[in-house]
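The values are calculated or read from the model by the stated rules, or taken from the named source; none is laboratory data. The shown structure was predicted, so the numbers you read here are calculated from the model rather than taken from an experiment. All Cβ positions, even for glycine, are placed from backbone atoms using ideal geometry, and neighbour counts span all protein chains on display.
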Amino acid sequence: MKEYKIIKQKFNWKGVTKAFEDDLNNYARQGWVVVNVYNNGHQICALLALDKNR
């Protein structure tokens, strides 16, 4: 069974892309996998999945 999570790019004036990349890498270390990345018109969002049976 999978668990899903949506994370959103945090707004700041400097290093927006780097901060989002760091967030994605932190989730990856916990076992989360990026399923989809999309722009909702205001910010970048990522859909993550985690296998709950691991």
- Identify, please: which residue in region 27-54 is assigned to a loop (DSSP other than H, G, I, E, B) and among the charged types (D, E, K, R) and is, among those, farthest from M1 (Cα to Cα)? R54
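So that you can scan it fast, the table gives a plain yes or no per residue for (1) modelled with pLDDT of 95 or more; (2) under 12 Å from the mean Cα position of the chain (by Cα):
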{"position": "K5", "(1), (2)": "yes, yes"}
{"position": "K8", "(1), (2)": "no, yes"}
{"position": "A46", "(1), (2)": "yes, yes"}
{"position": "R54", "(1), (2)": "no, no"}
- Task: Could you grab the pairs with beta carbons closer than 8 Å, sequence gap of 6+ or different chains, first residue in region 37-50 and under 11 Å from L24 (Cβ atoms), second one modelled with pLDDT of 95 or more and part of a loop (DSSP other than H, G, I, E, B)?
- Result: L48/W32
